[in-house]
Amino acid sequence: MKRFLILLCAFLLAFSFEGITYTEKKTEQDTVDHDLDLFDKDMRYAFVSSLMNDPEEYLHQTMRAGGVFYSFQNGQGKIHDALFISDTMGCCQKGLLVVLQDGQKRPANGTQTETEGTLEYTCEEDHCEISLSNAVICDEP
């Protein structure tokens, strides 16, 4: 029983150190505030969930994220773009609205892409939503 408790404590201690390391280590070469590609998939999903719940904390910060790109049409006929970021199992997804820079070519729907932009509010007639504004498609396999 004592051995089990010691192993359990060691595991929890190791997990807590691993849990702390999800924060990014900034280097001089970093060009974005949050590079989600440095995180594992569960941490990416958790970060985007946090972003959706408390967007004020992240406003005007730059972010790079990989995910699945989709374009869709709203009820008024306006085309919107979104980057869907899922967890490791693929059962949970969060969609982040993407506002591409002028002249950026939209990837095909369902394409795995890496996108970089600034977190801002995009406002429609009756609501505002956090989005990755002035976004650039960095990588398209």
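Here, each number is a calculation from the coordinates, and none is a lab measurement. On a predicted model such as this, the values are computed, not experimentally measured, just so you know. Ideal geometry is used to build each Cβ from the backbone, glycine not excepted, and the neighbour counts take in all protein chains shown.
The table that follows gives values for the structure above.
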| quantity | calculated |
| --- | --- |
| Relative contact order %, segment 48-141, counting alpha carbon pairs below 8 Å whose residues are six or more apart | 30 |
| Kirkwood Rh, Cα atoms: Rg over Rh of segment 49-89 | 1.04 |
| Likely footprinting exposure, TYR45, TYR121, fewest C-beta neighbours within 10 Å first | TYR121, TYR45 |
| Filtered GluC sites (Glu not before Pro), segment 47-138: DSSP coil and at most 14 other beta carbons within 10 Å | GLU124, GLU125 |
| Cα centroid separation - segment 67-81 against segment 86-117, whole Å | 11 |
| Exposure proxy ranking, count of Cβ atoms within 10 Å, fewest first, for LEU119, LEU83 | LEU119, LEU83 |
| Å³ per residue enclosed by the Cα convex hull of segment 32-139 | 109 |
| Cleavage-rule hits, trypsin sites (Lys or Arg not before Pro), segment 39-131, DSSP coil, Cβ neighbours within 10 Å at most 14 | LYS78, LYS105 |
